[in-house]
Amino acid sequence: MTTWLETSTENCTVQRAVDLIGERWALLVLRDAMNGVRRFDDFRRHVGLSEAVLSDRLRKLVAAGILAAVPYREPGSRTRHEYRLTEKGWDLWPAVIALKQWGDRWTADPDGPPLEVHHRGCGAPLEVVVQCADGHGPLTPREARAEPTAAARPLA
């Protein structure tokens with residue numbers, strides 16, 4: 001059986017995901033989009049980055065199919081775009097909630113985190129847990145095993 005260290009990482013899906021969204025500003029744009037921010041000036045003001053950097057991140061997220069640029073026009077103004085999460089973008093929501101959960105535990109101010117996300121139905125805070133496809137969980141790392149698949153390529 002092939003081990004992880006004998007497997008090439010050239011087609012690693014974690015690496016590919018990090019290439020798309022792992023840059024700090026991209027994740028903060030996604031965080032804001034998931035919290036209802038849609039317009040360029042609102043992203044720039046809230047995230048606090050330059051127009052050039054924000055334009056670049058939005059362009060890359062749109063090109064990757066994570067955000068969609070939706071035209072709008074206010075009376076007397078030129079056509080501009082709102083940026084809305086696509087299905088592919090919303091599929092990142094659990095990962096962002098998991099990052100928030102980790103940050104709340106390990107990096108929050110003494111007064112606690114600045115934002116809480118609650119279940120609309122019962123009001124309880126959200127938690128991300130790992131479970132198997134059959135519903136067993138939450139699982140710990142010791143209860144999981146990683147195995148290279150047929151798509152794994154041998155290390156060159």
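Every number in this text was worked out from the coordinates using simple rules, so none of it is lab data. Computed from a prediction, not measured in an experiment: that's the story for all the values here. Reconstructed Cβ throughout: ideal geometry from the backbone, glycine too, with neighbour counts over all protein chains shown.
If you take the square roots of the eigenvalues of the alpha-carbon gyration tensor of the chain and sort them as a ≥ b ≥ c, do you get rounded (a/c under 1.5), prolate (a/b over b/c) or oblate? Since a/c reaches 1.5 but b/c is at least a/b, the shape of the chain is classed as oblate.
Ranked for footprinting exposure by Cβ neighbours inside 10 Å, fewest first, L30, L92, L139 give L139, L92, L30.
Calculated mean residue ellipticity, 222 nm, the chain: -10000 deg cm²/dmol, from DSSP H runs (n ≥ 4) at -39500 (n - 2.57) each, averaged per residue and rounded to 500.
In percent, rounded to a whole number, the relative contact order of the stretch 4-143 is 15, using alpha-carbon pairs under 8 Å and six or more apart.
Please report the antiparallel percentage of the DSSP beta bridges confined to the chain, to the nearest 5. In the chain, approximately 100 percent of DSSP beta bridges are antiparallel ones.
Going by a ≥ b ≥ c, the root eigenvalues of the Cα gyration tensor, does the stretch 101-156 fall in the rounded group (a/c under 1.5), the prolate group (a/b larger than b/c) or the oblate group? Prolate is the answer for the stretch 101-156, as a/c is 1.5 or above and a/b outweighs b/c.
With 0.36 nm allotted per residue and the present C-alpha distance subtracted, the C132-R84 stretch has 14.2 nm of extension available.
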